[in-house]
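The values are calculated or read from the model by the stated rules, or taken from the named source; none is laboratory data. As the structure is a prediction and not an experimental result, all values here were calculated from the model. Just the protein is used for accessible areas: all its heavy atoms, side chains included, with ligands, DNA and RNA removed. Shrake-Rupley method; radii C 1.70, N 1.55, O 1.52, S 1.80 Å.
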Amino acid sequence: MKPAAFEYHSPETAEEATELLADLPDAKLMAGNQSFGIIMSNRLATPDHVIDISDIEGLRYVDVGDDAVEIGAMTRHADVEHSDDLAEVLPLMPEAAQHIAGPAVRNRGTVGGTLGEADPAGNHSCTLLALDAELAVASADGERTIPIDEYFLAYMLTAVEDDELITSVRVSREAFPVERTGMRFTVEKRAAQTWPTLGASAVVRVDDPDADEPVIEDARLSFANAADVPLRTHDAEAEVTGEPLSEGLLESVADTVYDAVEPQDEMHADETYKRELAATFARRSLATAYDRAQGLDE
Ligand SMILES: Cc1cc2nc3c(=O)[nH]c(=O)nc-3n(C[C@H](O)[C@H](O)[C@H](O)COP(=O)(O)OP(=O)(O)OC[C@H]3O[C@@H](n4cnc5c(N)ncnc54)[C@H](O)[C@@H]3O)c2cc1C
């Protein structure tokens, strides 16, 4: 099928885009068009107006500052994948980006598009949830920020209004000192080009990376495609915080995660399989993040 007829708009600035959103009835944004074109071709969306934001170069950047990392909404997955700066301070993000589909999708798909689409299997949605990111959104009326834990409301439903544009995401670096933080993204996919069957992000900060058994000061664990929305497992995080990581703790966290996730049956992976996968990924990704926090690697 082909998309229903629509009028095409191609703004060059975020301000132009938000004015179009305010002025045009039934308008939708298009970013990298790796998902939206498919949705329109299947007539699951039939907007009268499409606002293509892919020429807004001002929204394509990775800015690593001393206090925070800011990533523009039009930053492509490939930009994240190949960013040396991100690999240095938030290695979770390039690690997750390299597992998104194949190069064609990564060269066009964007961070803002993943968040806008809000598929619970989205890689960046999973990592940004673990990193406690904040979204900056703009409309003709002004700007506001949305903490990511208030962003995903229900299956593919978000806190962004129809007249708003996500302009960037921001991650505070305070919780992630490079010299004692480890991160790990783990994923299973049926084929390189497909979405994750399940993905997991783990972040671990230890008190003293040179100690024999460093104590975990802070742990983050989130999952892709394990519920109707990207899911963070706070109970599992609390279990490992304040302790050195041990086999016993990993077993206990795996049990907690098995019960905490709420996956849907799919053709190639039923609910039980996904629960087992989430439990296994919790164990593996936390263990690797803990090693990495100490400067050890797998
Ligand atoms: C074969 C295939 C495999 C894939 N595998 C994976 C995978 O493994 N992991 C993964 O994470 N993704 C995967 N994707 C999706 C890919 O990452 C897309 O790039 C992404 O989901 C959408 O990004 P986009 O820039 O293409 O957005 P578009 O498709 O252009 O837009 C998607 C939605 O977001 C909205 N939107 C876009 N930008 C904004 C904005 N700035 N503000 C507000 N709303 C906005 C649009 O209106 C639309 O509703 C896959 C896609 C394909 C085709």
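Beyond 22 Å, how much of the Cα-Cα pair distribution for region 64-180 remains, as a whole percent?
30
Straight distance only, please: which lysines reach the Cα of LYS28 with their own Cα at less than 28 Å, same-chain residues fewer than 8 apart left out?
Within the straight-line cut-off, LYS28 pairs with LYS2.
What percent does the relative contact order of region 121-229 come to when contacts are Cα pairs within less than 8 Å and at least six residues apart?
29
Can you pull the percent of region 1-155's accessible area that's carbon plus sulfur, 1.4 Å probe, other chains left in place?
Carbon and sulfur atoms account for 45 percent of the accessible area of region 1-155.
Helix-only mean residue ellipticity at 222 nm, the chain, DSSP H runs n ≥ 4 weighted -39,500 (n - 2.57), per residue, nearest 500. What is it?
Helix contribution divided over all residues of the chain: -9000 deg cm²/dmol.
Using only the Cα atoms of region 1-112, build the gyration tensor, take square roots of its eigenvalues as a ≥ b ≥ c, and label the shape rounded, prolate or oblate: rounded if a/c is under 1.5, else prolate if a/b is larger than b/c, else oblate.
oblate
Mind checking which of THR233, THR280, THR194 has the largest fluctuation in a GNM of the chain, springs on alpha carbons under 10 Å?
Checking each option, the largest mean-square fluctuation is seen for THR194.
Taking the alpha-carbon set of the chain, what are its Rg and Dmax in Å?
Computed over the Cα atoms of the chain, radius of gyration and Dmax are 19.4, 65 Å.
Percent relative contact order of the chain, based on C-alpha pairs within less than 8 angstrom and at least six residues apart?
Relative contact order of the chain: 15 percent.
Determine the share of region 256-298's accessible area contributed by carbon and sulfur atoms, expressed in whole percent, with a 1.4 angstrom probe.
The value for region 256-298 is 44 percent carbon and sulfur by accessible area.
Remind me, relative contact order of region 45-89 in percent, using alpha carbon pairs under 8 angstrom and six or more residues apart?
29
Measuring from centroid to centroid over Cα atoms, what is the spacing of region 256-298 and region 47-97 in Å?
Computed from Cα coordinates, the inter-centre distance equals 26 Å.
What residues qualify as long-range amide H neighbours of LEU153, i.e. H under 5 Å apart, gap of 5 or more or another chain, H built at 1.01 Å from N?
The list, which skips near neighbours in sequence, is THR158, ALA159.
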